[in-house]
Amino acid sequence: MKKTAIILGASGLTGGLLLDQLINDERYESIKLFSRSKLQGLPNKVTQYIGDLLELEQFKSDFTGDQVFCCIGTTKAKTPNKDLYKKIDYGIPVSAVKLAKTNGIETFLVISALGANSKSSVFYNKIKGEMERDVLKQDIKKTFIFQPSLIGGDRKESRTLETIGKVVFKVIQPLFFGKLKKYKITDPENMAQAMINLANSKNYSEVIINSNDIKRITKNN
């Protein structure tokens, strides 16, 4: 039986790659995008719902399907206001998982970050940790939380510090082995494929998926 997927964050790097893969995946007959602006040139199997994602409840009646892929995320540079940052990185995923629970969606996947910890003294790690905690509280049957390291690839918008970080990471990556492997740069295409693989898995038991897991799960496609 073919499926309907919901994507939040399809205009971003990973979300865009995920969208491309789902479009070409014959298991999906319908893809719903919830975003602030419309994407052009998409096939008929994609339906777009445009509006303020900070008010996600407005889409309650349309937020129906089989799987939710939440790829929402901002950065300190892009969103320096901490209140707004929390509304995006915490508020949108938590609102999405609550809608999924209400509408009987049994698969929810969300991108968090390595170092997420609700008790962290670092604001950004704390927000991600609080998001993870409250997503898990909804107790959706198949919940997967991705904790990638720095995500590779080229973004549409310029992120100078992130670009510098990627260059440095590429140079020192050969030194990452053992427990340090999880800090290697995460390939966004791998992460998109790993999300799809887990969404359609039948017996994967782990909930927290780090960089090492992402690469391994991708190979199991």
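Within the set K86, K98, the sole residue that is in contact (Cβ under 8 Å) with a residue 40 or more places away in the chain, touching a helix residue (DSSP H, G or I) at 6+ places or on another chain (Cβ under 6 Å) and part of a helix (DSSP H, G or I) turns out to be K86.
Inclusion of T107 among residues that are in contact with a helix residue (DSSP H, G or I) (Cβ under 8 Å, 6 or more places away or on another chain) and either at pLDDT below 95 or of a type in the set (D, E, K, R) (or both) is not warranted. When restricted to residues that are at pLDDT 95 or above, farther than 15 Å from T64 by Cβ and of a type in the set (A, V, I, L, M, F, W, C), segment 1-25 contains 6. For G91, indicate whether it is assigned to a loop (DSSP other than H, G, I, E, B) and open to solvent by 10 Å² or more (accessible area, probe 1.4 Å). Judged against the criteria, G91 is not a match. Selection of segment 36-69 for residues being modelled with pLDDT of 95 or more, charged (D, E, K, R) and within 17 Å of the chain's Cα centre (by Cα) yields only D66.
Hey, does segment 103-122 have a residue that's open to solvent by less than 20 Å² (accessible area, probe 1.4 Å), closer than 25 Å to S205 by Cα, among the hydroxyl-bearing types (S, T, Y) and touching a residue at least 60 places away in the same chain (Cβ under 8 Å)? Checked against the condition, which is being open to solvent by less than 20 Å² (accessible area, probe 1.4 Å), closer than 25 Å to S205 by Cα, among the hydroxyl-bearing types (S, T, Y) and touching a residue at least 60 places away in the same chain (Cβ under 8 Å), segment 103-122 yields at least one hit. In this structure, G41 qualifies as open to solvent by 10 Å² or more (accessible area, probe 1.4 Å), on the phi > 0 side of the Ramachandran plot and free of Cβ contacts under 8 Å to residues at least 40 places away in the same chain. When segment 101-118 is limited to residues that are part of a strand (DSSP E or B) and among the β-branched types (V, I, T), the one that is nearest to D66 (Cα to Cα) turns out to be T107. Counting only helices (runs of 4 or more DSSP H) wholly contained in segment 119-221, the ones carrying 2 or more residues that are more than 25 Å from Y85 (Cα to Cα), at pLDDT 95 or above and not acidic (D, E) occupy 188-199. For beta carbons closer than 6 Å, sequence separation of 6+ or different chains, a first residue in segment 124-151 that is among the small types (G, A, S) and a second that is assigned to a helix (DSSP H, G or I), the qualifying pairs are S149/Y183; S149/S211.
Where residues in segment 6-38 are over 26 Å from S201 (Cβ atoms) and polar (S, T, N, Q), which of them is least open to solvent (accessible area, probe 1.4 Å)? Checked segment 6-38; the qualifying residue least open to solvent (accessible area, probe 1.4 Å) is S35.
The values are calculated or read from the model by the stated rules, or taken from the named source; none is laboratory data. None of these values were measured; they are calculated from a predicted model. Don't worry about glycine lacking a Cβ; one is built from the backbone with ideal geometry, like all the others, and counts go over all protein chains shown. Heavy atoms of the whole protein, side chains included, go into the accessibility calculation; ligands, DNA and RNA do not. Shrake-Rupley method; radii C 1.70, N 1.55, O 1.52, S 1.80 Å.
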